[in-house]
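Every number here is computed from the coordinates shown, using simple stated rules; none is lab data. What you are looking at is a predicted structure, and each value in this text was computed from that prediction instead of being measured. Note that we place each Cβ from the backbone using ideal geometry, even for glycine, and neighbour counts take in every protein chain shown.
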Amino acid sequence: MSNTIFITGASSGLGKATAKLFHSKGWNVIATMRKPQEEKELSQLDNVTLLPLDVTSPASIEECVRKVTGQFSIDVVFNNAGYGLFGPLETLSDEQITNVLNTDLLGVIRVTKAFMPHFREKGAGLFINTSSIGGMITFPLNALYHAAKWGLEGLAESLHFELSKLGIGIKNILPGGIRTDFVGRSMVYGTLNTAAYQTILDQANKSFGEVMKPEQLTPPEVIAETVYEAATDGKTQLRYIAGEDAKQYYASRDRIGADAFREQFDLLFFS
């Protein structure tokens, strides 16, 4: 019998790449997204089920999870839906702040909680979350994104204690820059009081332009391989750092310490 993975945020980027990879490995794939009727590629694949899901809506989560657990025995839940929010805190509206936390952090919490009875009754199951190397280090002007991803790190590390007693696993994938439309389609920018921060924004945008060149970023298919590794290696390892840039950042921070690393980034982005 084939294993089954449930994926949020499967319409593009890492979510879609993961859906395609697991399908190629013989898994059943439940690929969820806000508008499944617009998905033209995954809909052509056998053993891939497309379902609507808005992770910011408790009612949508409840309906979707009830439907899939009634039809499938889920083995892995991949909490992947998320997006970025860029700008000084003062430039962010309360709606922007609420929305990013609702998607990137509360969405993971809600989906995880909704699947826990299913896994608990099976006595088995695995949660995998798309965190970020930004859950272990920080970049300038991304405070709310980091708040969500650091939150995911604490969530998973603490949940491990209770889930492991029930035969359930939890793991986080920590990618660096992924060669997707994350900085376009999946990035929101602050627009309030930007004039007061224009010099800082200009400096940071120039530096990010160098750091985030497409050729320097990891293809989503490569990160998806790490998701597959986490799903199948049988380890209790909590964190999987994915992508050469993420590995280099983390190694540097580990080597010189958090304070020196922050100072190094300050010089990198604003000198």
#### Entry: Phi to ³J(HN,Hα) by Karplus 6.51 cos²θ - 1.76 cosθ + 1.60 over region 73-82, Hz, x for Gly, Pro
9, 7, 9, 9, 10, 9, 7, 10, 4, x
### Message
Please list, ordered by chain and number, the residues whose modelled amide H lies under 5 Å from the amide H of G169; skip anything fewer than 5 residues away on the same chain.
### Response
G125, L126, F127
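Which net charge results when you count Lys and Arg as +1 and Asp and Glu as -1 among the other residues whose beta-carbon is under 14 Å from that of D245? Could the numbers behind the result be given before it?
Details: positive: R179, K213, K247, R253; negative: E210, E215, E244.
Here the charged neighbours net out to +1.
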### Task
Please give every one of the aspartates and glutamates within straight-line cross-link reach of K25, meaning a C-alpha to C-alpha distance under 16 Å, and leave out same-chain neighbours fewer than 8 residues apart.
D46, D75, E221, E225, E229, D233
### Task
Rounded to the nearest 10 degrees, what's the angle between the helix 258-270 long axis and the longest principal axis of the chain, both from Cα atoms, 0 to 90?
60 degrees
### Task
Starting from the Cα of D233, step 7 Å along the direction of its Cβ; do the same at E63; then give the gap between the two resulting points in nm.
3.8 nm
### Summary
Calc'd 3J(HN,Hα), region 170-177, phi into Karplus 6.51 cos²θ - 1.76 cosθ + 1.60 (θ = phi - 60°), Hz, glycine/Pro = x, comes to 8, 9, 10, 9, 10, x, x, x
### Query
Hey, if you drop one equal point scatterer on each alpha-carbon of region 26-77 and run the Debye formula without solvent, what base-10 log of I(q)/I(0) do you get at q = 0.26 Å⁻¹?
-1.12
### Summary
To the nearest 10 degrees, the tilt of helix 220-232 (Cα long axis) against the first principal axis of the alpha carbons of the chain is 50 degrees
### Cross-link partners of K206 among aspartates and glutamates (Cα-Cα below 15 Å; sequence separation of 8 or more within a chain)
D266
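Determine the alpha carbon to alpha carbon distance for each of K67/K165; K122/K165; K16/K40; K149/K171; K113/K171 and list only those over 18 Å. Can you show the working numbers first?
Values: K67/K165 27 Å; K122/K165 13 Å; K16/K40 11 Å; K149/K171 13 Å; K113/K171 15 Å.
Correct reply: K67/K165.
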### Query
Once the Cα atoms of region 118-186 are picked out, what are the Rg and Dmax in Å?
14.5, 43
### Message
Going by amide H atoms built from the backbone, whose H comes under 5 Å of the H on I241, apart from near neighbours?
### Response
L174
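Exactly which trypsin sites (Lys or Arg not before Pro) in region 139-235 are in a DSSP loop and have at most 14 other Cβ atoms within 10 Å? Walk me through the numbers on the way to the answer.
Numbers: sites: K149, K165, K171, R179, R185, K206, K235; in loops: K165, R179, R185, K235.
Passing sites in region 139-235 are K165, R185, K235.
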#### Entry: Gain in span if fully extended, E263 to E38, counting 0.36 nm per residue against the direct Cα distance
76.5 nm
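Is the shape of the chain best called rounded, prolate or oblate, per the rule: a/c under 1.5 gives rounded, else a/b larger than b/c gives prolate, else oblate, with a ≥ b ≥ c the square roots of the Cα gyration tensor eigenvalues? Kindly include the intermediate steps, with their values, before the conclusion.
Numbers: a/c = 1.77, a/b = 1.58, b/c = 1.12.
The shape class here is prolate.
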## Note on the structure
Long-range amide H partners of G84, meaning residues 5 or more apart or on another chain whose placed amide H is closer than 5 Å, are M187, V188
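Fewest first, what order do L85, L238, L267 take by the number of other Cβ atoms within 10 Å? Don't skip to the end; give the middle numbers.
On the way: L85 24, L238 15, L267 8.
Listing L85, L238, L267 from fewest to most nearby Cβ atoms yields L267, L238, L85.
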